[in-house]
1. So, in region 45-60, how many residues would count as being surrounded by 18 or more Cβ atoms within 10 Å (Cβ to Cβ) and modelled with pLDDT under 95?
2. Only one residue in 104, 97 is on the phi < 0 side of the Ramachandran plot, modelled with pLDDT under 95, under 11 Å from the mean Cα position of the chain (by Cα) and of a type outside the set (Val, Ile, Thr). Which one?
3. If you go through region 10-27 one residue at a time, do you hit one that is among the basic types (Lys, Arg) and modelled with pLDDT under 95?
4. If you check every pair at least six apart or on different chains, which have Cβ atoms under 6 Å apart with a residue in region 6-24 that is over 13 Å from residue 53 (Cβ atoms) first and a residue that is assigned to a helix (DSSP H, G or I) and open to solvent by less than 40 Å² (accessible area, probe 1.4 Å) second?
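The values are calculated or read from the model by the stated rules, or taken from the named source; none is laboratory data. Remember, predicted model here, so these are calculated numbers, not experimental data. Glycine also receives a Cβ, built like all others from the backbone with ideal geometry; neighbour counts cover every protein chain displayed. Calculation scope for accessible area: heavy atoms of the full protein, side chains included, ligands and nucleic acids excluded. Shrake-Rupley method; radii C 1.70, N 1.55, O 1.52, S 1.80 Å.
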Amino acid sequence: MRFDPALAAQDAFRESQQELGPDWETAVELERTFSSSAGTEAREAYERLLAIAHHYPNAGSFQAFCIYITWQQATEETIARHFETGLALCEAYLASHKAGDLPHTERITELRASFRTGLGLQEEDEMLIDYQSDTPKGGD
């Protein structure tokens, strides 16, 4: 990875203040809990941050923040659910933001590939490409 997701998360979180309106203070407390604790307490704060993100689908910086912290979750607890959540968040972000629209787009694209790899989807794509190139076409 060509960037540090933890530092990118901090930047994105700071940028998101104007996006969250009345939920900003709650997000600050949840982020503080997420960053300073572990286990159940951090997981609950993470889930509540994702719930806030669900209410603000156009909050690009906050969405990026949630993607970065999902990567942190995936690296600390390597379960499919984190990779699936991360991939879904990345795809929603990339679908709603033009390339280069926000400074996070390139990083999110890179994380999307990492989430796909974590789910084993990259290998399937490569196998499909190999299969398609080996499959005779009409007239071959």
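1. The qualifying residues number 2.
2. Numbers: 97 fails: under 11 Å from the mean Cα position of the chain (by Cα).
That would be 104, the only listed residue that is on the phi < 0 side of the Ramachandran plot, modelled with pLDDT under 95, under 11 Å from the mean Cα position of the chain (by Cα) and of a type outside the set (Val, Ile, Thr).
3. To start, the set of residues in region 10-27 that are among the basic types (Lys, Arg) comprises 14.
Going one step further and asking which of them are modelled with pLDDT under 95, we end up with none.
Looking through region 10-27, none of the residues is among the basic types (Lys, Arg) and modelled with pLDDT under 95.
4. Filtered contacts from region 6-24: 8/68; 15/61; 17/24.
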